[in-house]
Ligand SMILES: Cc1cc2nc3c(=O)[nH]c(=O)nc-3n(C[C@H](O)[C@H](O)[C@H](O)COP(=O)(O)OP(=O)(O)OC[C@H]3O[C@@H](n4cnc5c(N)ncnc54)[C@H](O)[C@@H]3O)c2cc1C
């Protein structure tokens, strides 16, 4: 429960229309895209850096923790508020402050939605490569919080590879700027890289300097359909081993093909074991030769059908199916647990084989969705959280999958972050000494553990 005094102070800082403390509003911002939820005292929407500074200083003075939030689509419990905390929602800081096409730099506020940014850049013939499947909803601040990936990240790298600099409000209310417009790294410790992916635990990002790229002249989108998921995963390893770097190399198995098809009617083959969406970009003259090589590799791995999208509408349909698939699993079962492990690319077929086995051993519905080119895959376990026996098996599978990824030389999180959900798994990956270093970094920025408490460690 929030006191009248605190509520009045919050309203004085950000304005009455930017503070919500009624039960419905507060619970609306106490969820994210996991099955977890919490209860905050209030949600506030700062619209400037100065307001953020005042909020941080005031809440520090009354000993109230703060949870930064963008669109709340994270899949790790990263924005679940602990009791008695205030959610600081950046989704009203949406300005594009500058698009500098001469220097390939854009300066934006953290609440700008990734897709809206892409639409604006397109007018200048530019784009921003990191494109989480959720990009129509997610904010750039949230993308930085998690160091998000996305389909295009196979060729172009993840969020951290595009962040040149930041303006950040620290837990004591001071503002720092890290990096800036320069493409070479900043001198001293690389604070930008420490802050990107820190899940709102070290500082609040209020301004972002991003690297942007001119749009490639040409692209081709291909669909490879397989009877067996193992053949699709072998194709991924073969394409990578052949030294070809498509823009995207996405995989969906039979369960998720059907789920996406139920939601979109995109014309996906319901009887296929798996499919790959392969996209290449670059110069027009290179396109056909690359398509030919990729088609040949797919053929060797027993592809059933290999198609090239002929129209923009066909390309859009394929991507719609891919992008809605996580949201559409609610049609199948009421609950889901989405894993986010990454393995070395050459190990991808072994990991997929193991998931197929796990599905049988634990008698659970597990779909496989992957940014496959990166070895980053999302076994999507479908269940009903009211069924205790099923929930126990789901937890056992989560552990099994993380253990398997580590045994194959991988990591427990490729792009969704640790948040609350994967806290016990990060300890399987890092030594006690490494975890101690994490804690020291947290304490150096936030000695009173006021920013997004309880997350990561
Ligand atoms: C259907 C679906 C598909 C998805 N596909 C992908 C995908 O392809 N790739 C991928 O990587 N992820 C994906 N995600 C996960 C999610 O969309 C990403 O993690 C996204 O970047 C979160 O952005 P957001 O605006 O929702 O941030 P939130 O969920 O609100 O926040 C994410 C983290 O950032 C912190 N944060 C937010 N704003 C700030 C700020 N201004 N300063 C400091 N910290 C801040 C939060 O505290 C939290 O820890 C998907 C999710 C869904 C539901």
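Do we have residue 370 as touching a strand residue (DSSP E or B) at 6+ places or on another chain (Cβ under 6 Å), farther than 30 Å from residue 174 by Cα and buried (at least 22 other Cβ atoms within 10 Å of the Cβ) here? Yes: the conditions hold for residue 370. Of all residues in the stretch 416-437, exactly one satisfies the criterion of being within 16 Å of the ligand (Cβ to nearest atom), outside any loop (DSSP other than H, G, I, E, B) and either at positive phi or surrounded by 17 or more Cβ atoms within 10 Å (Cβ to Cβ) (or both), namely 426. Could you grab the pairs with beta carbons closer than 7 Å, sequence gap of 6+ or different chains, first residue in the stretch 85-97 and under 17 Å from residue 173 (Cβ atoms) and part of a strand (DSSP E or B), second one at pLDDT 95 or above and within 11 Å of the ligand (Cβ to nearest atom)? Pairs found: 86/66; 88/46; 88/66; 88/67; 88/68; 88/69; 88/204.
Kindly establish whether residue 165 is near the ligand (Cβ under 10 Å from one of its atoms), in the same structural domain as residue 201 (by TED's automatic domain parsing) and either closer than 16 Å to residue 98 by Cα or surrounded by 21 or more Cβ atoms within 10 Å (Cβ to Cβ) (or both). Answer is no for this residue. Among the residues of the stretch 135-146, those that are near the ligand (Cβ under 6 Å from one of its atoms) and either at pLDDT below 95 or farther than 10 Å from residue 114 by Cα (or both) comprise 145, 146.
Please determine whether any residue of the stretch 42-55 is free of Cβ contacts under 8 Å to residues at least 12 places away in the same chain and more than 26 Å from residue 416 (Cα to Cα). Yes, because at least one residue in the stretch 42-55 is free of Cβ contacts under 8 Å to residues at least 12 places away in the same chain and more than 26 Å from residue 416 (Cα to Cα).
Would you pick out the residues in the stretch 255-309 that are in a loop (DSSP other than H, G, I, E, B), within 28 Å of the chain's Cα centre (by Cα) and surrounded by 13 or more Cβ atoms within 10 Å (Cβ to Cβ)? Of everything in the stretch 255-309, those that are in a loop (DSSP other than H, G, I, E, B), within 28 Å of the chain's Cα centre (by Cα) and surrounded by 13 or more Cβ atoms within 10 Å (Cβ to Cβ) turn out to be 266, 268, 269, 272, 273, 309. Annotation: of all residues in the stretch 45-68 being more than 12 Å from the ligand (Cβ to nearest atom), out of contact with any helix residue (DSSP H, G or I) (no Cβ under 8 Å at 6 or more places or on another chain) and assigned to a helix (DSSP H, G or I), the one that is nearest to residue 450 (Cα to Cα) is 60. A count restricted to the stretch 152-162 and to residues that are within 11 Å of the ligand (Cβ to nearest atom) and in contact (Cβ under 8 Å) with a residue 60 or more places away in the chain stands at 3.
Of all the numbered requirements in (1) part of a helix (DSSP H, G or I); (2) modelled with pLDDT of 95 or more; (3) surrounded by fewer than 16 Cβ atoms within 10 Å (Cβ to Cβ), residue 27 misses one, and that requirement is (2).
The values are calculated or read from the model by the stated rules, or taken from the named source; none is laboratory data. Please read all numbers here as calculations on a predicted model, not as lab measurements. With ideal geometry, Cβ positions are generated from the backbone for all residues, glycine too; neighbour counts draw on all protein chains shown.
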